[in-house]
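The values are calculated or read from the model by the stated rules, or taken from the named source; none is laboratory data. Everything quoted here is computed from the prediction, not taken from an experiment. Don't worry about glycine lacking a Cβ; one is built from the backbone with ideal geometry, like all the others, and counts go over all protein chains shown.
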Amino acid sequence: MKLQQLRYIWEVSQNDLNVSATALSLYTSQPGISKQIRLLEDELGIEIFARSGKHLTRVTLEGQKILKIAGEILDKVENIKQLSRDYRSPDRGSFSIATTQTQARYVLPSLIKRFLNRYPDVSLNMIQGTPAHISEEAMVGSVDLAIAYEDLELFSDLVLMPCYRWNRRILVPPGHPLAENRSITLEDLVTHPIVTYPFGISGRSKRKQAFKRNNLEPKIVFTATDADVIKTYVRLGLGVGIVAEMACDEVCDLDIVSIDASNLFESSITSVGIRQGTYLRSYMFDFIEKFAPHLTREVVKDVMLLNSKEKQNDFFNVVKIPDYSSVL
């Protein structure tokens, strides 16, 4: 059994069993991959992939178990490589983050500027998407860490570390009936069309839950994952906006009336999500601590060693999670 063979079967499974696509991504030949997979199956005496002619059609039950172990082995190999890089070049390397538009646009810019000034030889790559998409990127190891909320909790392989609490604000154009009402109720909101973020796939949306608890049905006329897009349609008079408080800019949003909505919705928590077993470079620990000062290197290491969600949650039950306003 060769490490190369494990990499081939893993990459084929990640490319929808397309050997040609796998060969392109690994800069090798399709016959070479097929041959090595056959040699591994012959050695193990087990079919990892079912076939129809020359085409792979599905992963066998035994193959699923083998692939799981192969993935863990390849992770360990990558961790060894990362460890050696830390010793040889502690301030040089790459770093990938998946996050939402709100984090990328409003929360992270000043931190990333300081980070890149501190680590000029680190190449930082950012992927933006929905919380569900972000979680998937982290779970399969495409990124080093995810920064999001809500749907991160759907993925059991992610270690979640809460960073800060936040709530929402209501946005209306000047002259809107709600513009002078500083004590808006949910009943007030449902009398107007609403533009906001999608409610997500988890069903845990604090906005959705608030309306449901009060037996109210909001009229959602437009949704977007980008807060700036929501503001555009608020300015056009399409509806009342509901956005994260972090997305409100006192300088750029002078033409929009922003109203605190913390009395209407439960607060949410933005978390850092890291796949269990990921090796974090020194500069990654530094980034996390700068983003959330209570997540020191020692805290992150301790949490990563905990082997269950329950233990991780218990750990943070005794940690005071700051409000967004205090981490500005």
**Prompt:** Glu137: in the same structural domain as Val303 (by TED's automatic domain parsing) and among the charged types (D, E, K, R), yes or no?
**Reply:** yes
**Message:** Taking the condition of being over 21 Å from His133 (Cβ atoms), among the small types (Gly, Ala, Ser) and out of contact with any Phe, Trp or Tyr (no Cβ under 9 Å at 6 or more places or on another chain), how many residues in segment 65-115 meet it?
**Reply:** 3
**Request:** State whether one or more residues within segment 279-289 are under 21 Å from Leu189 (Cα atoms) and hydroxyl-bearing (Ser, Thr, Tyr).
**Result:** no
**Request:** Might you check whether a residue that is in a helix (DSSP H, G or I), modelled with pLDDT of 85 or more and of a type in the set (A, V, I, L, M, F, W, C) occurs anywhere in segment 152-172?
**Result:** no
**Message:** Looking only at segment 279-324, filter to residues that are within 21 Å of Phe115 (Cβ to Cβ) and among the small types (Gly, Ala, Ser); which one of those is surrounded by the fewest Cβ atoms within 10 Å (Cβ to Cβ)?
**Reply:** Ser282
**Message:** Given (1) in contact with a Ser or Thr (Cβ under 9 Å, 6 or more places away or on another chain); (2) in the same structural domain as Arg7 (by TED's automatic domain parsing), identify the lone condition not met by Ile37.
**Reply:** (1)
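Pick from segment 250-277 the residues that are of a type in the set (S, T, N, Q) and closer than 25 Å to Lys113 by Cα: which of them is surrounded by the most Cβ atoms within 10 Å (Cβ to Cβ)?
In the first step, residues of segment 250-277 are kept if they are of a type in the set (S, T, N, Q); the result is 258, 262-263, 267-268, 270-271, 276.
Now restrict to residues that are closer than 25 Å to Lys113 by Cα: 270-271.
On the way: Thr270: 27, Ser271: 25.
The extreme case among them is Thr270.
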**Request:** For segment 183-209, enumerate the residues that are part of a loop (DSSP other than H, G, I, E, B) and closer than 18 Å to Thr130 by Cβ.
**Result:** Tyr197, Pro198, Phe199, Gly200, Ile201, Ser202, Gly203, Arg204, Ser205
**Complete:** Within segment 210-265, residues being free of Cβ contacts under 8 Å to residues at least 60 places away in the same chain and assigned to a strand (DSSP E or B) number 5
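Do the conditions hold for Ala179, that is, is it among the small types (Gly, Ala, Ser), in contact with a Pro (Cβ under 9 Å, 6 or more places away or on another chain), without any contact (Cβ under 8 Å) to a residue 40 or more places away in the chain and not assigned by TED's automatic domain parsing to the domain that holds Pro109?
Values: among the small types (Gly, Ala, Ser): yes; in contact with a Pro (Cβ under 9 Å, 6 or more places away or on another chain): yes; without any contact (Cβ under 8 Å) to a residue 40 or more places away in the chain: no; not assigned by TED's automatic domain parsing to the domain that holds Pro109: yes.
No.
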**Asked** So which helices (runs of 4 or more DSSP H) are wholly in segment 4-101 and hold at least 2 residues that are among the acidic types (Asp, Glu), at pLDDT 90 or above and crowded, with 16+ Cβ neighbours inside 10 Å?
**Response** none
